[in-house]
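Colleague: This is the structure I have questions about; it appears just below.
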């Protein structure tokens with residue numbers, strides 16, 4: 001996995017965080033972000049947890065980045 005924040009695009013040099021949000025049981029947001037973006041996510045009351053990015057699958061393999069749009 002590249003160590004790039006999925007929100008701001010900065011390199012993640014220190015701790016990485018997963019920010020998630022669900023609505024009606026469906027994942028609406030699932031991003032790996034840097035510490036500065038994690039602070040902003042917490043301010044917005046989004047679920048934020050510190051992760052070890054060396055053990056995480058790439059975003060390409062997670063499958064949660066491209067959810068179908070239901071109209």
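The values are calculated or read from the model by the stated rules, or taken from the named source; none is laboratory data. For clarity, every value in this text was computed on a predicted model and none was experimentally measured. Glycine gets a Cβ as well: all are built from the backbone with ideal geometry, and neighbour counts include every protein chain shown.
Colleague: Output the residues belonging to the range 23-50 that are without any contact (Cβ under 8 Å) to a residue 12 or more places away in the chain and part of a loop (DSSP other than H, G, I, E, B).
Modeller: Within the range 23-50, 24, 25, 44, 45 meet the criteria.
Colleague: Take the conditions surrounded by 13 or more Cβ atoms within 10 Å (Cβ to Cβ) and either touching a helix residue (DSSP H, G or I) at 6+ places or on another chain (Cβ under 9 Å) or modelled with pLDDT under 95 (or both) and apply them to residue 30. Does it pass?
Modeller: Spelling it out, residue 30 is indeed surrounded by 13 or more Cβ atoms within 10 Å (Cβ to Cβ) and either touching a helix residue (DSSP H, G or I) at 6+ places or on another chain (Cβ under 9 Å) or modelled with pLDDT under 95 (or both).
Colleague: Can you say whether residue 20 is in a strand (DSSP E or B) and at pLDDT below 95, as far as the supplied structure shows?
Modeller: Considered against the rule, which asks whether it is in a strand (DSSP E or B) and at pLDDT below 95, residue 20 comes out as no.
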